[in-house]
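In what follows, a single structure is set out as structure tokens and then discussed.
The values are calculated or read from the model by the stated rules, or taken from the named source; none is laboratory data. In this text the structure is predicted, and so the values were computed from the model without any measurement. FYI the Cβ positions are ideal-geometry reconstructions off the backbone, even for glycines, and counts take in every protein chain you see.
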Amino acid sequence: MTPEELIFLKDLLQRQMDELLEKADQSVSEALSNEHRSSDPLDIATENINTAFKFRIRDRENKLIKKIKQALAKIESGEYGICEICEEEISFERLKARPVAALCIDCKIKIENEEKSAPWRGKQYNKIWETYIHH
């Protein structure tokens, strides 16, 4: 990967992080706001469902923030863009599409195919892999 490509990806990751953090601040403010409170039980139930849905989305965004932080740390350490399984370089095109990618496309496809052929084995493998890689 060229230095220009690395700078491009670092900027892309930082922009994504900034957008996610801004959304998170807005979500917390909205959740703490009492403006939309109703005394009708059906309205309250609907608000609770919507709030739960929003927090589920925020949880996913928090996981993405964690991955972005890991990717930025890898950029600083010089390990960014290297597949965590085969240790080959991840293509720039893949990183442009998914800058937090930790696997090259071949390894990702292999894992997905294992999940499709034997879902119980694939998920078990992924849990072992995640434990090995991320802890």
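Values computed for the structure shown
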item: Lone unmet requirement of (1) loosely packed, with under 13 Cβ neighbours inside 10 Å; (2) touching a residue at least 24 places away in the same chain (Cβ under 8 Å) for Ile49; result: (2)
item: In region 98-133, residue modelled with the highest pLDDT [restricted to those that are among the β-branched types (Val, Ile, Thr) and more than 16 Å from the chain's Cα centre (by Cα)]; result: Ile105
item: Every residue from region 56-96 that is surrounded by 13 or more Cβ atoms within 10 Å (Cβ to Cβ), of a type in the set (A, V, I, L, M, F, W, C) and assigned to a helix (DSSP H, G or I); result: Leu64, Ile65, Ile68, Ala71, Leu72, Ile75, Phe92, Leu95
item: Close pairs from region 102-124: first closer than 20 Å to Lys67 by Cα and part of a helix (DSSP H, G or I), partner at pLDDT below 90 and not aliphatic (A, V, I, L, M), Cβ under 9 Å, at least 6 apart; result: Ile111/Gly122; Ile111/Tyr125; Ile111/Asn126; Ile111/Trp129; Glu112/Gly122; Lys123/Glu115
item: Residue among Lys23, Lys63, Lys69 that is under 30 Å from Leu95 (Cα atoms) and at pLDDT below 85; result: Lys23
